[in-house]
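The values are calculated or read from the model by the stated rules, or taken from the named source; none is laboratory data. Because the structure is a prediction, the values reported are computed rather than measured. Ideal geometry is used to build each Cβ from the backbone, glycine not excepted, and the neighbour counts take in all protein chains shown.
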Amino acid sequence: MVNQRIRATLMSQAADLTTNQRRGKETHVRFIHLFLVGYFILIRGVGLAVWQTGVLSRVAPIWIGVGVLVAIGIGIMLAVSSGKPTISEEIES
């Protein structure tokens, strides 16, 4: 019963998305999302290169985990700091 509800919800959302695209309403990817996707692709590429060279076999697993957490944290901080700033208007009393 729950799976049928989820499936129905997903199908209606997909239908709404396609009708919005036909009407000219496009879904925009935010800059911060695009930055994070690119950053994680870069980190994955570096990780695969280090694994292929055999460096990871000489590093303890705990330090690999610490390095991954640090890389994720740096990626989030860079994405947030390089995002488009929002301009807020001050209301005069």
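Quick look at the numbers
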item	result
Search result, residues across the range 55-68 that are exposed (fewer than 10 other Cβ atoms within 10 Å of the Cβ) and either among the aliphatic types (A, V, I, L, M) or closer than 19 Å to ARG30 by Cβ (or both)	ALA60, ILE62
Residue within the range 41-54 that is surrounded by fewer than 10 Cβ atoms within 10 Å (Cβ to Cβ), under 26 Å from LEU78 (Cβ atoms) and modelled with pLDDT under 70 present	no
Residue under evaluation LYS84, criteria (1) in a helix (DSSP H, G or I); (2) at pLDDT below 80; (3) among the charged types (D, E, K, R), criterion not met	(1)
